[in-house]
1. By counting other Cβ atoms within 10 Å of each Cβ, how are 50, 260 ranked from fewest to most?
2. Which length gain, in nm to one decimal place, applies between residue 85 and residue 121 when the Cα-Cα distance is subtracted from 0.36 nm times their residue separation?
3. Take residue 233 and residue 132, extend 7 Å from each Cα along the Cα→Cβ direction, and tell me the distance between the two endpoints in nm.
4. Where does each of 169-178, 29-38 land if you order them by average Cβ count within 10 Å, highest first?
5. Could you sort the peptides 209-216, 102-109 by per-residue average Cβ neighbour count (10 Å cutoff), highest mean leading?
6. For a Förster distance of 25 Å, can you work out the FRET efficiency between the beta-carbons of residue 170 and residue 256, rounded to the nearest 0.05?
7. Using R₀ = 25 Å, calculate the FRET efficiency as 1/(1 + (r/R₀)^6) where r is the Cβ-Cβ separation of residue 245 and residue 190; round to 0.05.
8. Please order 53, 28 by the number of other Cβ within 10 Å, starting at the fewest.
Amino acid sequence: MEPVCRIAAPDCGRLEHSATLLNKGKHMNIIVLNHAPNVGKTTIAQHLLRPRMKDAELFCIKAVTSAHHERPGEKETETADHFDELMKKIRNCHLSIIDVDAEETGNFIRHAISSGRSGISLDRFMLPVTKEPETVTHTINTIRVLSKSGIEHDRIAVVFNRIEEEDLEEDFEAVISLGKGGNAIFVDTACSVFENEIFGTLKTQDSCLLAMTEDKTDYRELLRHTDRTDEKTRLDLSRKLILKRLAHSATHNLDFVYMRLAPGRFL
């Protein structure tokens, strides 16, 4: 199965509050992967990491058969020799985030890590995980494969995704246990991205969380001045008001998660 390398241009901008930006001048390659599908790898790469990592380039490795909604500013490049070509692009980057599709995770580990052909430093590995038992099992297996491929445990972190309650101990007990002992990976239950409708909306509308958060439109004021008989317009404005609030909530959540990962802890 031939993968597609999608390179995202910086159209969505960056958050500029200095506390959340990765130290300027630091060279780092961060890989977001998991053998488990539908765990929010793109949410972590596109919405958590990229806006908070100054000058970072985002590379998305997707299988051709995978459904993919191309985001604003993305361009598609099919590589002749998939991973060698990708590694050449990354070598020219000061800072990169690599979002690896579940179907391509095995290939990426074999070609870019185990073979030692990449020629670049693969510095950090982040695995989003959701509470489904099968997903937890896939996540633990991915961590074991990375370890067998020579990746040190302190270069691996998990991010809990689609969380609906604060108590994670029962659903994620097996994952949390990997953060204990002598060969512990980075596990912090505070690194939890909460369930939020906004992420589904971003995916279906090809929208940008940062753009929604920074939208200065006063939808409440517009609603006040919209004729009550104009139900369609009022419904549209109400929806945009709700989405804006959800976007602010998600951004605050992601800010907090990033700070728990930030320089001095994991990144």
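Readers should treat all values here as calculations from the given coordinates under stated rules, not as data from a laboratory. Source: prediction; values computed, not measured. Don't worry about glycine lacking a Cβ; one is built from the backbone with ideal geometry, like all the others, and counts go over all protein chains shown.
1. Working: 50 22, 260 16.
Going from sparsest to densest Cβ surroundings: 260, 50.
2. Numbers: separation 36, 0.36 × 36 = 12.96 nm, distance 1.55 nm.
Full-extension gain reported as 11.4 nm.
3. 4.3
4. Working: 169-178: 15.4, 29-38: 22.6.
In descending order of packing, they fall as 29-38, 169-178.
5. Details: 209-216: 16.1, 102-109: 19.6.
In descending order of packing, they fall as 102-109, 209-216.
6. Working: r = 23 Å, r/R0 = 0.90.
FRET efficiency, residue 170 to residue 256: 0.65.
7. Numbers: r = 23 Å, r/R0 = 0.92.
For residue 245 and residue 190, the calculated efficiency is 0.60.
8. Working: 53 25, 28 19.
Ordered from fewest to most neighbouring Cβ atoms within 10 Å, 53, 28 come out as 28, 53.
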